[in-house]
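A.B. asks: What follows is a single structure, and I will ask about it in a moment.
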Amino acid sequence: MLSYIAYLLALISVFPLCCLAQGVASDTGDSIMESDTTILSLGGLDQFVMQLQRKWSAPGIAIGIVQDGKTIYLKGFGYRDIDNHHPVTLNTLFSIASSTKSFTATGIGVLLDEGKVTWDTPVRECLSWFQLKDPVASQYTTVRDMLCHRTGLPAHTLMQFSIAKQYDRREIARRLRYLEPNHGFRSLFQYQNQMYQVATVIIEELSRQRWEEFTRQRLFEPLEMHRSRFSQAHPTGQEDDVAFMYELNENSDLVRLPSMDPFLKEVSGSGSIYSSAHEMCNWLLMNLNNGTWGKQQVVSPSTLKALHTPQAVIPGTLLPEVLHQTYTLGWNAMVYRGHILLNRPGGARGIASQVALLPAEDIGVVILANHETSTGHLILLFNIIDRLLHLEPIPWLERLWPFEEGARQYARQIRQPSEASLSDAPPTHPLEAFTDKYENPGYGLITITHEQGGLFLDFVEKRPLRHLHYNVFEGFQLYRFFEFRFETNMDGDIASIVAPLEPAVSDIVFRRIEQN
């Protein structure tokens, strides 16, 4: 378990998207819609959602819209559980993935209001052991730098999941010192999940509470988000209204994905919250009302303003209607057709979320789905905004769907094994000679075993390795195939594994730590 353009491009390069089987899209959930004005503004929205749902391939979608201090539209479409035909309801919990980041940044804001930290406090004053490979970044990275993605580190996506599997969230933060930067400190915005793991640990250090406990007490409870939680599974193990995650297999059949709980537990503050459209509307209303919900002042107006204020420029443009893209403290910011728009997307395999604010118009939108997309939630968000602001409609589905098709095509490619296989170039050693543990201090351990007549690689997942040529093998990890190259030392023994796990830096080297 990726700036909106940066996020979109990342999804295009990572996640698989295909076409939905006929008949899944349906208006099966309960709903709320208030006032004749709302009905007039949003007339035809249900039909558009179901049209998009068929193309998007989302089994279930939940939408909440707030305006002028109240919820005006709340509706579920399709199914949270296809096999049992359980519909999406107003209270169905979805993973909100990286939309979690705005909660974590707000948690820092709560501590700022208590005088425990400032936006420009160096991270090392909160965590004495904090260190990055760039000594300048180590010394001068502040809470602000951390929350607006300008430390010089690229994504290093697999690292957070491998370390989360093997260790804990503090270890993710500690091991950032070993990750290669690809830009100078504060020189460029680069989306980077692990810095929100650092924010998670800072919250725990300053509050003396687990991040989950702090977030529940200081954000969920004041906002009456009583069902929101941090895992797909109910803490008591009981069955409840939670959406399963789906993707399409090579035969274009929807298949249920295993729970992300083992990974998201330690990825925590960067992407572990599960919530419903109903409860996320409370979050929208607080963000639109100077940090208040009912009689509760969740965060001060000045702190909320800082959270919403642009900090880092997001390079590049995608659409002529979207200008001045920046990143705030936990939110993306842009000008959409002349209107300031804040949004916080999230996505992973089987997950899509979109949380958006139009502060000047007092409008908020949340979109949740249980199948990934590169553009589906953006298409829907823009369509809703155009309706509410009475703008000349733009055919966003037709405009943006080519991006979706490109994402799907690319995702299919990287999820397929290489066609190249040089059987006349065998490995230099018997397969048993490759088995052992290999370690990179930033990415953790890889374990190679010999099973069923072949090699298996245990890293983020345990998967078989397919031989390509000489000492180069291919294996699937998390979302795509990677090449793993075994290298020898001066004595001719297998000594390391080299893999292109982060394309923005040199290949990642795992050195053998045990000899048979």
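A.B. asks: Take the stretch 336-346 and flag every residue that is more than 22 Å from ALA105 (Cα to Cα) and either at pLDDT below 95 or assigned to a strand (DSSP E or B) (or both).
C.D. replies: If the condition is that a residue be more than 22 Å from ALA105 (Cα to Cα) and either at pLDDT below 95 or assigned to a strand (DSSP E or B) (or both), then TYR336, HIS339 are the ones that fit.
A.B. asks: Of the residues in the stretch 272-306, how many are touching a helix residue (DSSP H, G or I) at 6+ places or on another chain (Cβ under 6 Å) and farther than 28 Å from THR89 by Cβ?
C.D. replies: Counting residues in the stretch 272-306 that are touching a helix residue (DSSP H, G or I) at 6+ places or on another chain (Cβ under 6 Å) and farther than 28 Å from THR89 by Cβ gives 5.
A.B. asks: Here is a follow-up. Kindly provide the set of residues from the stretch 226-273 that are in contact with a Gly (Cβ under 9 Å, 6 or more places away or on another chain) and more than 22 Å from VAL460 (Cα to Cα), ordered by number.
C.D. replies: ALA243, the sole residue that qualifies.
A.B. asks: Please give the helices (runs of 4 or more DSSP H) falling wholly within the stretch 56-148 in which 3 or more residues are within 22 Å of the chain's Cα centre (by Cα).
C.D. replies: Once the helices (runs of 4 or more DSSP H) in the stretch 56-148 are filtered for at least 3 residues that are within 22 Å of the chain's Cα centre (by Cα), what remains is 100-113, 143-147.
A.B. asks: Here is a follow-up. Scanning the stretch 423-450 for residues that are out of contact with any Leu (no Cβ under 9 Å at 6 or more places or on another chain), acidic (Asp, Glu) and modelled with pLDDT of 95 or more, which turns out farthest from THR157 (Cα to Cα)?
C.D. replies: Among them, the one singled out is GLU432.
A.B. asks: Only one residue in PHE510, PHE486 is within 29 Å of the chain's Cα centre (by Cα) and at pLDDT 95 or above. Which one?
C.D. replies: Exactly one of PHE510, PHE486 is within 29 Å of the chain's Cα centre (by Cα) and at pLDDT 95 or above, namely PHE510.
A.B. asks: Residue check, LYS165 against (1) modelled with pLDDT of 95 or more; (2) within 23 Å of SER272 (Cα to Cα), all met but one. Which one?
C.D. replies: Exception for LYS165: condition (1).
A.B. asks: Taking the conditions exactly as written (modelled with pLDDT under 95 and loosely packed, with under 14 Cβ neighbours inside 10 Å), does ALA411 satisfy them or not?
C.D. replies: no
A.B. asks: Then there is this: How many residues does the stretch 124-137 contain that are closer than 23 Å to ILE314 by Cα and not acidic (Asp, Glu)?
C.D. replies: Going through the stretch 124-137 one residue at a time, the tally reaches 3.
A.B. asks: May I pose another question? Every residue in the stretch 361-409 that is over 24 Å from the mean Cα position of the chain (by Cα) and farther than 17 Å from ILE72 by Cβ, please.
C.D. replies: Across the stretch 361-409, the qualifying residues are LEU391, GLU392, PRO393, ILE394, PRO395, GLU398, ARG399.
A.B. asks: Mind listing just one residue for me: the one in the stretch 125-166 that is aromatic (Phe, Trp, Tyr) and under 18 Å from GLU205 (Cα atoms) and, of those, surrounded by the fewest Cβ atoms within 10 Å (Cβ to Cβ)?
C.D. replies: Here the residue is TRP129.
A.B. asks: Please pick out the residue among SER374, SER302, SER353 that is polar (S, T, N, Q) and assigned to a strand (DSSP E or B).
C.D. replies: SER353
A.B. asks: Follow-up. Keeping to the stretch 213-239, report how many residues are more than 12 Å from PHE94 (Cα to Cα) and either among the charged types (D, E, K, R) or surrounded by fewer than 16 Cβ atoms within 10 Å (Cβ to Cβ) (or both).
C.D. replies: Number satisfying all stated conditions: 13.
The values are calculated or read from the model by the stated rules, or taken from the named source; none is laboratory data. The structure presented is a predicted model; accordingly, all values stated were derived computationally and were not measured. Positions of Cβ are generated from backbone atoms using ideal geometry, with glycine treated the same way; all protein chains shown enter the neighbour counts.
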